[in-house]
Amino acid sequence: MENTFDSDLIYSIFKLAWSRKAAEKSEETELNETEVGRTSKKNWPTTANSNAQKVSSELLRIFVTEAVQRAAIITEAEGNHKIEATHLERILPQLLLDF
């Protein structure tokens with residue numbers, strides 16, 4: 001098996017994103033709720049099992065590898081030897097469509 005991202009790191013990143021999204025939603029629902037003490041599925045914490053973490057890590061590894069390979073092709077075509085942010089910016093729209 002090839003090297004992949006640490007699934008615990010990916011899970012930590014996901015948890016951060018989930019908590020930010022939950023905070024945004026809670027601000028919206030606080031403005032809209034008239035009932036006090038209401039518990040709903042919206043308030044449950046979001047989690048991911050270990051298989052989902054592994055699959056997510058592998059998907060991100062493939063995505064990053066593909067981005068670097070496409071950027072390297074652009075870099076070589078321009079006669080450069082170093083990938084720069086502009087090369088990644090150029091390949092990103094098509095890469096996102098392909099994934």
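A short reminder: the numbers here are calculations on the coordinates, not readings from a lab. Just so it is clear, the model here is predicted, and its values are computed rather than measured. Heads up, the Cβs are rebuilt from the backbone with ideal geometry, glycines too, and the neighbour counts pull from every protein chain shown.
Below are the figures for this structure:
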| item | result |
| --- | --- |
| Rough spin-label spacing in nm, given labels placed 7 Å along Cα→Cβ, for SER12 and GLN69 | 2.9 nm |
| Cα-projected label distance for GLU58 with ALA22, points at 7 Å along beta-carbon direction, nm | 2.8 nm |
| J(HN,Hα) series, segment 46-63, from Karplus relation 6.51 cos²θ - 1.76 cosθ + 1.60, nearest Hz, glycine and proline x | 8, 9, 9, 7, 5, 5, 5, 5, 5, 5, 4, 4, 5, 4, 5, 4, 5, 4 |
